[in-house]
Structures are given as C-alpha cells and as structure tokens.
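To keep things clear, I will list the structure first and then write my remarks on it.
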Amino acid sequence: MKVKVIKTSISNPTKGTINANMDDYLELGREFVVYAITKNNNSCYFQIFDDNHLVSIPSELFEITDRESSKYWEVRIDEDKVLKLWPKEFFNGYFHEDLADGEPEVVKIFENIKKKMTNEI
C-alpha cells in the first residue's frame, strides 16, 4: 500500500491524536509505503518510514495511491481493542523501541521487511 501526503496537519484533532501537526515534517505530494496500520477508538494511523524513522501518522493526512494490502500484514486486536495490521515481526517484544534505538538485529529485520514490502508494489 502506498500513500501520498495531501495535508500536513489536522485542524481540529481529537483529544489524544498523536502527530496531528506534521508541518515541519511532511512534504506535500511525497509518497510513502505503508508498513503498518493501527486503528484505535479515535484515529487510524499509517506507519511510514521517513528515511530515518518508522513513524505513526494519522491517516487523514494522506491519500491512498496504491490500495493493495500487504501479504505480510497480520491482523490482530490487542487487549485495549486496538486493531493492528502489522508485519508479524512488529509484534515481537519491543520491536519499535529497539528499531528507534538502532539495535542492529532489529534494524536488519526492518530492512528485510522494507525490501519485501517495497517489492510488492
């Protein structure tokens, strides 16, 4: 799945919406591969890679340009009733934190995920 940035902030975000203002972060018209989708009570988030970090950003900042879902996504609902379409590796332990910390093994796993998912498109 691919998305294109159509706006960089949400004018009236719901309480608790993270990354509602991405004015200094996103560039209008830029396209990204979506590596994961998370849906909670208030919002839907796409996880994109900005060349440096895997980041969750509200889906309403994007337009979907390639609607094919990834064959690498697993669907789960966690104990907080949050719906997640994530690669199975994302569910392992502290994957996101370890990736942000630059843990070599996790970075290698993510690079493999990126390669597989980019080749799908």
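Here are the numbers for the structure shown:
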| quantity | calculated |
| --- | --- |
| Residue within segment 94-111 that is free of Cβ contacts under 8 Å to residues at least 24 places away in the same chain, out of contact with any Gly (no Cβ under 7 Å at 6 or more places or on another chain), among the aliphatic types (A, V, I, L, M) and in a strand (DSSP E or B) present | no |
| Selection status of F46, among the aromatic types (F, W, Y), in contact with a helix residue (DSSP H, G or I) (Cβ under 6 Å, 6 or more places away or on another chain) and within 21 Å of T118 (Cβ to Cβ) | yes |
| In segment 93-104, the residues that are farther than 14 Å from L54 by Cβ and either modelled with pLDDT of 95 or more or surrounded by 11 or more Cβ atoms within 10 Å (Cβ to Cβ) (or both) | P104 |
| V82 being more than 12 Å from Y35 (Cβ to Cβ), among the β-branched types (V, I, T) and modelled with pLDDT under 95 | yes |
| Residue ID - nearest to I6 (Cα to Cα), chosen from residues in segment 69-92 that are acidic (D, E) and loosely packed, with under 10 Cβ neighbours inside 10 Å | D80 |
| Test for K84: is it part of a strand (DSSP E or B), under 15 Å from the mean Cα position of the chain (by Cα) and among the charged types (D, E, K, R) | yes |
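The values are calculated or read from the model by the stated rules, or taken from the named source; none is laboratory data. Being a predicted model, the structure only gives us computed values, none of them experimental. Here Cβ is always computed from backbone atoms with ideal geometry, including for glycine, and neighbour counts include all displayed protein chains.
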